[in-house]
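A short reminder: the numbers here are calculations on the coordinates, not readings from a lab. Predicted model only: the values in this text are computed from it and were never measured.
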């Protein structure tokens, strides 16, 4: 999967690829706190860049976020947004790290998530409150 090869690559090294052009050709990067990002809300995908413009993370949105549509391309590792937590564990095995379900005064109850560590990247799955579907998929650098 080409997306997985984007992690820890400099933006200049991938911005001429067909897949990058499909999702980000007309998108300008914006500055966040200690990061830059490229968000395509119409296609449900974003890139998070370190300040040196190396790719830190990629988010694939399920359409749950206000103003961001569902990503309709191929998701990493054959995942589908309609997979439940039970289905993802059956497919990927026991997660390396789990979290969420805590209460925050600012955010309310935080979403449940599972993290899987692979060579060169991590895969984070954020689930719906009932754990019956994936709300957000993130692949991230291990650096």
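Kirkwood hydrodynamic radius (Cα pairs, Å) of the chain?
15.8
Expressed as a rounded percentage, what relative contact order does the chain have, with Cα pairs under 8 Å and six or more residues apart?
Computed over the chain, the figure is 20 percent.
In vacuum, with every alpha carbon of the stretch 39-121 counted as one equal point scatterer, what does the Debye formula give for log10 I(q)/I(0) at q = 0.16, 0.21, 0.25 Å⁻¹? Two decimals, please.
Taking Cα atoms of the stretch 39-121 as identical point scatterers yields -0.85, -1.32, -1.33.
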